[in-house]
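This report concerns only the one structure given below.
Bear in mind that the values in this text are calculations on the coordinates, not laboratory data. It should be emphasised that the depicted structure is a prediction, and the values quoted were computed from it without experimental measurement. Note that each Cβ is placed from the backbone with ideal geometry, even for glycine, and that neighbours are counted across all protein chains shown.
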Amino acid sequence: MKVTVDMDLCQGHSVCMDECPEVFEVVDDDQGYAKVKILVGEPDESLREKVELAVKYCPNRCIKIEE
Ligand code: SF4
C-alpha cells in the first residue's frame, strides 16, 4: 500500500500521528504551520490497521491509501 496526503487540506491536527506514529509525524512547515510529514510512504502490511484508523479519524479526510 502507498500512503498519500493532500497537503492543501492538512491542518496539522495530529490525529494521524496519534493513530500511527510509525508513518505520520506532524512538524512545522517553512511558514510555521503544523503539517503532516509522511515518514514511510509505503508502509508494511503490519501497519495497515493503524494507517486505516488514521484515514478514518483525520478530521480533514486528507489521507488516502492506494493499493
Ligand atoms: S490528522 Fe489529517 S489534518 Fe491532521 S495532521 Fe494528520 S493528515 Fe493532517
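Points worth noting:
- Screening Q11 on (1) surrounded by 16 or more Cβ atoms within 10 Å (Cβ to Cβ); (2) within 9 Å of the ligand (Cβ to nearest atom) shows it passes everything except condition (1).
- Residue list for segment 20-67, restricted to those being in a helix (DSSP H, G or I) and within 8 Å of the ligand (Cβ to nearest atom): A54, Y57
- Residues (more than 15 Å from M7 (Cα to Cα) and among the aromatic types (F, W, Y)) located in segment 22-67: Y57
- Hits in segment 1-39 (condition: within 10 Å of the chain's Cα centre (by Cα) and within 14 Å of I65 (Cβ to Cβ)): V3, T4, V5, D6, C16, E19, C20, V23, F24, I38
- For beta carbons closer than 9 Å, sequence separation of 6+ or different chains, a first residue in segment 47-58 that is without any contact (Cβ under 8 Å) to a residue 24 or more places away in the chain and a second that is in a helix (DSSP H, G or I) and within 13 Å of the ligand (Cβ to nearest atom), the qualifying pairs are E52/E19; V55/C16; V55/E19; K56/E19.
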